[in-house]
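Step one of this worksheet: look at the structure below.
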Amino acid sequence: MVLLVLALAVGAAAVTGLFASMTPTDTAVHAPDARTPGTPLVGTLGTRPSTADREADNGVALGMVELRWADWETSPGAWNESYQRQITDQIDALHRAGLRVTLGLGLHYTPSWVRDRPFVDDHGNRSEQADFVFDARNRAAAEAFIGHAATVIDFSRLWAVRISSGSRSELMYPQGGTWWAFSPGALGTAARPDTVRANPFPDWRPGDGDGLSEPDRRRWYQWYLASLADTARWQMRMAQAHGFQGWFQVLTPGSGIRPSVRERIIEQGLPDGLGGEGVDWPEIYRLVAGFGPPGRVVAYVTSVGDDSGGNSGCQPGDRAVPLDADRADGWSSTRWIARIAAEHGFPVAGENPGYTASPEYQRQYRDDSDDGLLATTFRLAQECSFQSVYWAHDDQLWNGTVDRGQFFDLVRALPPEPTS
């Protein structure tokens, strides 16, 4: 296993050219984190304070803490001091261990009094999640929460912040395969955030191929994606307002819909399907590139080793393959998002899917062979020149689910981090 990782570290130099444009421009913040291609910083999700020292001693560089809004703000303006101490103690412990800390804002753990303002889809269904895309009141409530969090968490010391839609744990609309743009704010009331443009065709419903011309359907579709991307802009600005100067990890799972699928569904009038979740990653990252702080946005794959595309890794010629090329349709989600990242000069990072999946996936998760999830995650992180890779989750390293010794062997086999 260790020999496999060492071989990949040597072979990773072949893909250096693919990511040559990914050096951060904000050198004052990021110079200590420069990495040799194929040698990612390693972290875990939900890092336990009690074992952070042991992880750091074995080469782990990153820890991650996720807030739970509903646990912290139990009613408007009422703060759970016990939970607050738990969070601050956890962050302090990771820093004392020498780990750089990544923060999940935890907006998707939304209090019930905010979930009362949900998304509405094209069939009139209300989502279980709060609408942070089209409802300025929900954003204001989240801003108050993060503002309070920033009084006890030093955002200037954080290494990275995870960016989702606020409604879900990744940058996506709700599930269901429908189109979630028919709440009052989405239809043009005063509830809409100032940074979100008005619905260009509020009386039209997706699926009606005859109701709009194809150019107008495309315009509506672009508006739908731009509105989702605006939640990323909003969270980035919010973190910066509280002194954050690190990396923004834009959380994107799977392959989403490829350009060929985008064109087909626009032609068909935007029928129900995966497109309604907003998972058009080439377009989402293009939009993020238009507003993200230069040198501080990371394309982040939340599904490393998900068995898509045979878990194919990145190749030296990937950068020359157009995003709409048919040959890219068979790539793994990791290779695909790495290719999109290269289009915009973003570094790439990621995590494996967590343990709460199907029994078949759990077998892969536990597999300690070179084809198991642990080895596959490290292989893909190296082959695609990740800036950082996180194991999901820390608990599974310490409760016997996976071989902790194997994990540490893989970490230690990576070349050391530069000291200057």
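Each reported figure results from applying straightforward, stated rules to the coordinates on display, with no laboratory input. These numbers were taken from a predicted model, which means no experiment stands behind them. Here the Cβ is made from the backbone with ideal geometry for all residues, glycine too, and neighbour counts use every protein chain on show.
The table below lists the values:
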{"quantity": "Alpha-carbon Rg/Rh ratio, for segment 310-410, with Rh computed the Kirkwood way", "calculated": "1.01"}
{"quantity": "Other-chain or far-sequence residues with amide H under 5 Å of M64's (modelled H)", "calculated": "T44, G46, T47, T102"}
{"quantity": "Using θ = phi - 60° and Karplus 6.51 cos²θ - 1.76 cosθ + 1.60, couplings along segment 392-406 (whole Hz; Gly, Pro as x)", "calculated": "10, 10, 4, 4, 5, 6, 10, 10, x, 5, 10, 7, 4, x, 5"}
{"quantity": "Residue-by-residue Karplus 3J(HN,Hα) for segment 131-143, coefficients 6.51, -1.76, 1.60, Hz, glycine and proline x", "calculated": "9, 9, 7, 10, 10, 5, 5, 5, 5, 5, 5, 5, 5"}
{"quantity": "Residues with amide H under 5 Å from that of G305, placed H, sequence gap 5 or more", "calculated": "T334"}
{"quantity": "Size of electric dipole in segment 56-103: Cβ of Lys, Arg +1 and of Asp, Glu -1, about Cα centre, debye, nearest 20", "calculated": "120"}
{"quantity": "Packing-based ranking, highest mean first, of 270-281, 148-159, 337-348 given that Cβ atoms within 10 Å are counted", "calculated": "337-348, 270-281, 148-159"}
{"quantity": "Relative packing of peptides 236-249, 401-414 - highest average C-beta neighbours within 10 Å first", "calculated": "236-249, 401-414"}
{"quantity": "Amide H contacts under 5 Å for Y355, placed H, 5+ residues apart", "calculated": "H393"}
{"quantity": "Rounded to the nearest 20 debye, dipole of the chain from Cβ charges on Lys, Arg, Asp, Glu", "calculated": "780"}
{"quantity": "Whole-Hz ³J(HN,Hα) from phi, Karplus 6.51 cos²θ - 1.76 cosθ + 1.60, for segment 102-107, glycine and proline x", "calculated": "9, 10, x, 5, x, 5"}
{"quantity": "Antiparallel bridge percentage (DSSP; both residues within segment 2-412; nearest 5)", "calculated": "10"}
{"quantity": "Gap separating the Cα centres of segment 188-232 and segment 355-414, nearest whole Å", "calculated": "40"}
{"quantity": "Relative compactness, the chain, computed as alpha-carbon Rg over 2.2 N^0.38 Å", "calculated": "0.96"}
